[in-house]
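Below you'll find the structure, written out as C-alpha cells, and then a few comments.
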Amino acid sequence: MSTHAEPTPVAPPPAPLEVRRLTVSYGARPVLWDVDARFPDGALSAIVGPNGAGKSTLLKAALGLIPSDAGQSLIEGRPVKAARDRVAYVPQRDSVDWDFPITVREVVEMGRYPQTGWFRRVARREGALIDECLHRVGMADFAGRQIGQLSGGQRQRVFIARALAQQAPVMMMDEPFAGVDARTEASILGLLGELRDEGRSIIVVHHDLGTVRSVFDHVLLLNVRAIASGPVDEVLTPETLRRAYGAATVTADDAEALWAG
Amino acid sequence: MGWLIDLLPLDYTDAVVVVGATLLGLTAGALGVFAVLRERSLVGDALAHAALPGVCIAFLATGAKDASTLLVGAAFAGLVGALLMVGIERTSRIRPDAAIGVVLSSFFSLGIVLLTYIASTDNANQAGLEKYLFGQAAGLLERDLVVMAALAVCSLTLVTLAFRPLKTTLFDPSFAGSVGLPVRVLEVLMTMLLVVAVIVGLRTVGAILMVAMLVAPAVAARQLVHRLSLVIPVAALIGAAVGVTGALISSRGELPTGPVIVLVAVGFVVLCVLAAPHRGVLWRARKLRAARRRTLAESVLVDLETAIHAGPPPTAVELAQASGRPARALRAALRDLDRAGMLARDGDRLYLSEPGAAAAHAVLERRELWSAWLEHGWRLELPDAREPDPTDLRASLGDEYADRLSALAAGGR
C-alpha cells in the first residue's frame, strides 16, 4: 500500500475521433463493416490498407458526408454535428475542378467562413491569419494566383492552408500525398510533425507503408474491417499485413521487408 | 416598369423588347454560371424543354394566354423535370447524362403533342402558343415585364446574399459538407435558380434555344475573368448585351427572336474562346509559337558557339549537317538571330557577333544550372513552394538559391 495520497483520477482526453461499429455499404457491397477505431489525442495517425479497403470512406462517413448504415462517430466525445468546428477536413485533391475561377487566397479564406460567418465581410485581422497560413505552407508568394496555374504539390499545400485557417484541433486528410512530388511530400510531412507537436491531432489516409513507419505515431490497418490499430511498430507486423493485404499479394518475405521498412 | 420604358429613347415596342431582353440576359447570364461550373449545362437545357408542356397545361387548365399564368405552369413543369432527373439518377443505374436526355425528350414530346392538340381545338385564344418554341421579343406586355423583373431581382439578390455558401459548395462540396453547410439544399437551390432563369427568358428566347443563354454568357465570361465574384456579373452583362442586340435585330427583321439571339451569343463566345487573353486559343497558340521559336534560336546559337570552338566557322549548310536540324528550321532560326544582331558573316561562314557570344554564354549557363538542378536540386531545401521553371531557373528559384545550386554542382564535381 502506498502511503502517498492517490492522485485524483483525471479523465483521459477524449479521442479526436472515435468510431463505433461503423458500417457503410454501396448498394449491397459492404465497404466498411463493423469498424471500431479510436485515434489518440495529439498524435499523428495513419489509416492504411489496400485499395478499396474503405479508408477514404471511413473519413467521409465519420464526418457524416456520406450516409452510414449503422454505427456512431464521435469527435472529441461529441456527435459530429455538434463538433464541426473542431475538425478541419482536407478532401482528396482530385475531388474539385482546378479550373474553377478562384485564387489561392480565396480558397484559404473559405477556411474562415465557418467562423467569420457566411454572410459578413472578412475582417482585416482575418487577413493576417490567412497570410500566416499561406506562409506556413510556403505559398505566401502565390496568394494571387489562379489555382489552375499551380502544380499538384502546390494545390495540396493550398488545401492544407485552408485547413490551417480553420484553426481546428483535429485535422483529417484524405490521401494528401497521392500524386505529389517527393519534395512536397517531405515538406508537408515536416509540417504535419510541427502541427502534432503544437498539440493537434492529425489523421491521414495514406498508402505508403514506408513513411508510415518513419513518421507516424499511430496506425489503423483497415480492410473493410479494422484489422489492427495501435502504435506503428506493434501494428505493422508481417502477420497483420498479410491479413490486411491478403496472403496472395504479400508473401512472408514481402511483409518482412515492409516490416523492416 | 412604365417609367423605364418611357425613359428609353426608343419607340414603345422597341423599348419593351429591350427591357425584356435585358432581363433575360442578366438573369440567364448570371444564373447560367451555376450550370456551367457544375458541369450541368444540359440540366438547363432539360429544364427549358420541360417548360413547354407546362405552358400548354397551364393554358388548357385556365384558358388564359397571358405570359404570367403560362410561366407559372412552366415553372411547375421545370420543377417536376428537375425532381425526375435527380430521382432517376439516384434510384436507377441510369447515368446522369442519360437521365437528362430521357427527361428532356419526353417532356418536349409531350409539349409538342399538347401544342398540336391545342391548335386543333376551336379555341379562338389558341394562336400564339408556338411562340414559346422559338421565342418572340416583340409582343411582350408591360405587366409580363414586371413579373420578369421581380423574379430577376429576387434571384440575383439571393445569389448575392448566399454568395459564399454557394461558392464553397460549387467549388468543393466535400469541404462544404464537412463545415456543416447544407450541401443538398444548396444544390437544389442552384437548380431552382436555373428554373427561374428559364422562366424569365422563355418568352423571349423560347424553349428550344434557352440553354444557349444559360451557357454562352458564362463560357464567355469565364474566358475573360478569373474569379467567381467577377464571372457572375460579367456573364450577366454579356447576357444583357447579347439579348438586347439579338432581340432588336429580330424585331426589326421580323425574325424569330431565339435563333437570332443565339447566333449573336455564339458569335461572341467564339470571339472570346479564340481571342481572350491568357485562355484564348489564338493567344495560347501565339505564345507557344513564340516560345518554340526562341528555343530553336537559342539552340542554334549554342550549336554555332560549339562549332566555332571546335574548328573553323561553319557555313549554314555545315551547321545544319552537324546539328541534324532540318534546313528550313535552321534558316528560320538564323534569320531570327540575324535580326537580333547576334550573327556576323564572312562570306558563307558564320560567326557570332559580340552580343551573340554573350547570349550564347547566357544560354549555356542556364542549361548548366538546369542540369545542376536535376542532379542536386533535392539537396537545395527550398524554403517554400516555389517550383523550378526550366526556361529560367534563376528567376524562378531566386538568385540566392541559384547561386547555392551552382556551388553544390561545383562541389559535387
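Which condition number does residue A:168 fail, the rest of (1) more than 8 Å from chain B (Cβ to nearest Cβ); (2) under 15 Å from the mean Cα position of the chain (by Cα); (3) of a type outside the set (S, T, N, Q); (4) not in a loop (DSSP other than H, G, I, E, B) being met?
For residue A:168, the failing item is (4).
Out of all the residues in the range B:121-138, is one or more crowded, with 18+ Cβ neighbours inside 10 Å, at pLDDT 95 or above, charged (D, E, K, R) and assigned by TED's automatic domain parsing to the domain that holds residue B:24?
The answer is no, given that none of the residues of the range B:121-138 is crowded, with 18+ Cβ neighbours inside 10 Å, at pLDDT 95 or above, charged (D, E, K, R) and assigned by TED's automatic domain parsing to the domain that holds residue B:24.
Do we find that residue B:27 is hydroxyl-bearing (Ser, Thr, Tyr), in a helix (DSSP H, G or I) and surrounded by 24 or more Cβ atoms within 10 Å (Cβ to Cβ) in this structure? Spell out how you get there, then give the answer.
Working: hydroxyl-bearing (Ser, Thr, Tyr): yes; in a helix (DSSP H, G or I): yes; surrounded by 24 or more Cβ atoms within 10 Å (Cβ to Cβ): yes.
Judged against the criteria, residue B:27 is a match.
Looking at A:73, A:56, can you tell me which residue is in contact (Cβ under 8 Å) with a residue 24 or more places away in the chain, outside any strand (DSSP E or B) and in contact with a strand residue (DSSP E or B) (Cβ under 9 Å, 6 or more places away or on another chain)?
When all the criteria are applied, what remains is A:56.
Quick one: in the range A:93-102, which of the residues that are in contact with a Phe, Trp or Tyr (Cβ under 9 Å, 6 or more places away or on another chain) and surrounded by fewer than 19 Cβ atoms within 10 Å (Cβ to Cβ) is farthest from the other protein chains (Cβ to nearest Cβ)?
Checked the range A:93-102; the qualifying residue farthest from the other protein chains (Cβ to nearest Cβ) is A:97.
Going through the range B:180-195 one residue at a time, which ones are surrounded by 23 or more Cβ atoms within 10 Å (Cβ to Cβ) and either more than 20 Å from the chain's Cα centre (by Cα) or within 10 Å of chain A (Cβ to nearest Cβ) (or both)?
Selection gives B:195 alone.
Can you tell me which residue among B:228, B:214, B:209 is assigned by TED's automatic domain parsing to the domain that holds residue B:51, touching a residue at least 60 places away in the same chain (Cβ under 8 Å), crowded, with 24+ Cβ neighbours inside 10 Å and touching a helix residue (DSSP H, G or I) at 6+ places or on another chain (Cβ under 6 Å)?
After applying the criteria, what remains is B:214.
Cβ-Cβ under 6 Å, sequence separation 6+ or interchain: first residue in the range B:386-413 and in contact (Cβ under 8 Å) with a residue 12 or more places away in the chain, partner crowded, with 16+ Cβ neighbours inside 10 Å and charged (D, E, K, R). Which pairs?
B:402/B:394
Given the residues A:202, A:147, which is the only one that is more than 19 Å from the chain's Cα centre (by Cα) and closer than 28 Å to residue A:62 by Cβ?
A:147
Filter the range A:181-199 down to residues that are out of contact with any Ser or Thr (no Cβ under 9 Å at 6 or more places or on another chain) and in a loop (DSSP other than H, G, I, E, B) and give me whichever is farthest from residue A:60 (Cα to Cα).
Per the stated criteria, the residue is A:198.
Taking the conditions exactly as written (touching a residue at least 40 places away in the same chain (Cβ under 8 Å), surrounded by fewer than 23 Cβ atoms within 10 Å (Cβ to Cβ) and either more than 10 Å from every other protein chain (Cβ to nearest Cβ) or not hydroxyl-bearing (Ser, Thr, Tyr) (or both)), does residue B:141 satisfy them or not?
On the way: touching a residue at least 40 places away in the same chain (Cβ under 8 Å): yes; surrounded by fewer than 23 Cβ atoms within 10 Å (Cβ to Cβ): yes; either more than 10 Å from every other protein chain (Cβ to nearest Cβ) or not hydroxyl-bearing (Ser, Thr, Tyr) (or both): yes.
So residue B:141 passes the test.
Return the pairs, sorted by first residue and then second, in which the second residue is among the aromatic types (Phe, Trp, Tyr) and assigned to a loop (DSSP other than H, G, I, E, B), the first residue lies in the range A:128-149 and is within 7 Å of another protein chain (Cβ to nearest Cβ) and free of Cβ contacts under 8 Å to residues at least 40 places away in the same chain, the beta carbons are less than 7 Å apart, and the residues are 6+ apart or on different chains.
From residues that are within 7 Å of another protein chain (Cβ to nearest Cβ) and free of Cβ contacts under 8 Å to residues at least 40 places away in the same chain, there are no pairs.
The values are calculated or read from the model by the stated rules, or taken from the named source; none is laboratory data. Note that this is a predicted model, so its numbers are computed, not measured. Neighbour counts run over all protein chains shown; Cβ positions are idealised from the backbone, glycine included.
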